[in-house]
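In what follows, a single structure is set out as C-alpha cells and then discussed.
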Amino acid sequence: MKWIILLTGIFANASASVLVKIAMMPPRKFPSLADPIAAFSNWPFWLGLGLYGAAFLLYAAALARLPLNVAHPILTSGAVATVALFSIFLFREPFHWTTVAGILLVISGVTLITSRVA
C-alpha cells in the first residue's frame with residue numbers, strides 16, 4: 001500500500017505541473033486580481049493547484065509508512081521523469097539523448113540511495 005500511495009503522489013505531482021503549464025498557455029492568463037473572471041475560468045490552474053495539494057497529502061501519507069530518505073528521492077525523481085515524459089507527448093517538447101541519460105542516471109542514483117533502506 002505504501003508504494004501505491006507514493007506512486008499516486010508522483011502522478012498527482014506530475015499531473016499538477018502539466019495542468020499549470022496548460023493554464024499558462026494562450027489564450028489563458030495567469031490568475032490575477034486585475035481580471036478576476038479570467039482567474040476563476042482558468043480551470044487547469046485550479047485543478048493543478050488542487051493536485052499539488054493532493055500530492056502533498058499523499059507525500060505525507062507515504063512518509064508515515066516509509067523513511068524520509070526513501071520517500072523523498074523516489075517522489076522527486078519520479079515526478080521529474082514523469083514530467084519529462086509528459087512534456088514530450090503532450091507538448092511536443094524536444095527530448096534529447098541527454099534527457100534520457102539524465103533520467104537513467106537519476107533513477108540509478110535513487111536506486112543506490114534507497115536500496116539498503118527500503
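If I ask for residues that are surrounded by 13 or more Cβ atoms within 10 Å (Cβ to Cβ) and either polar (S, T, N, Q) or under 22 Å from Val110 (Cβ atoms) (or both), which ones from segment 32-56 would you list?
If the condition is that a residue be surrounded by 13 or more Cβ atoms within 10 Å (Cβ to Cβ) and either polar (S, T, N, Q) or under 22 Å from Val110 (Cβ atoms) (or both), then Ser41, Asn42, Tyr52, Ala55, Phe56 are the ones that fit.
List, please: which pairs have Cβ atoms under 6 Å, are six or more places apart or on different chains, and start with a residue in segment 49-66 that is of a type in the set (Ser, Thr, Tyr) and end with one that is surrounded by 14 or more Cβ atoms within 10 Å (Cβ to Cβ) and in a helix (DSSP H, G or I)?
Pairs that qualify, where the first residue is of a type in the set (Ser, Thr, Tyr) and the partner is surrounded by 14 or more Cβ atoms within 10 Å (Cβ to Cβ) and in a helix (DSSP H, G or I), are Tyr52/Ala16; Tyr59/Gly9; Tyr59/Leu75.
Can you name every residue in segment 82-116 that is under 19 Å from Ala23 (Cα atoms) and among the aliphatic types (A, V, I, L, M)?
Within segment 82-116, the first condition is being under 19 Å from Ala23 (Cα atoms), and the residues that meet it are 82-93.
Val83, Ala84, Leu85, Ile88, Leu90, listed by residue number.
Tell me yes or no: at least one residue of segment 85-98 is in a helix (DSSP H, G or I), surrounded by 16 or more Cβ atoms within 10 Å (Cβ to Cβ) and at pLDDT below 90. Spell out the reasoning first.
Here is the first cut: in segment 85-98, the residues in a helix (DSSP H, G or I) are 85-91, 97-98.
The next check asks that each one be surrounded by 16 or more Cβ atoms within 10 Å (Cβ to Cβ); those that pass are 86-87.
Pick out the ones that are also at pLDDT below 90 and you get none.
No, segment 85-98 contains no residue that is in a helix (DSSP H, G or I), surrounded by 16 or more Cβ atoms within 10 Å (Cβ to Cβ) and at pLDDT below 90.
Please pick out the residue among Leu51, Leu75 that is under 18 Å from Thr8 (Cβ atoms), part of a helix (DSSP H, G or I) and modelled with pLDDT of 95 or more.
Numbers: Leu75 fails: modelled with pLDDT of 95 or more.
Just a single option satisfies the conditions, and that option is Leu51.
The values are calculated or read from the model by the stated rules, or taken from the named source; none is laboratory data. As the structure is a prediction and not an experimental result, all values here were calculated from the model. Please note: Cβ atoms are built from the backbone with ideal geometry, for glycine as well, and neighbour counts cover all protein chains shown.
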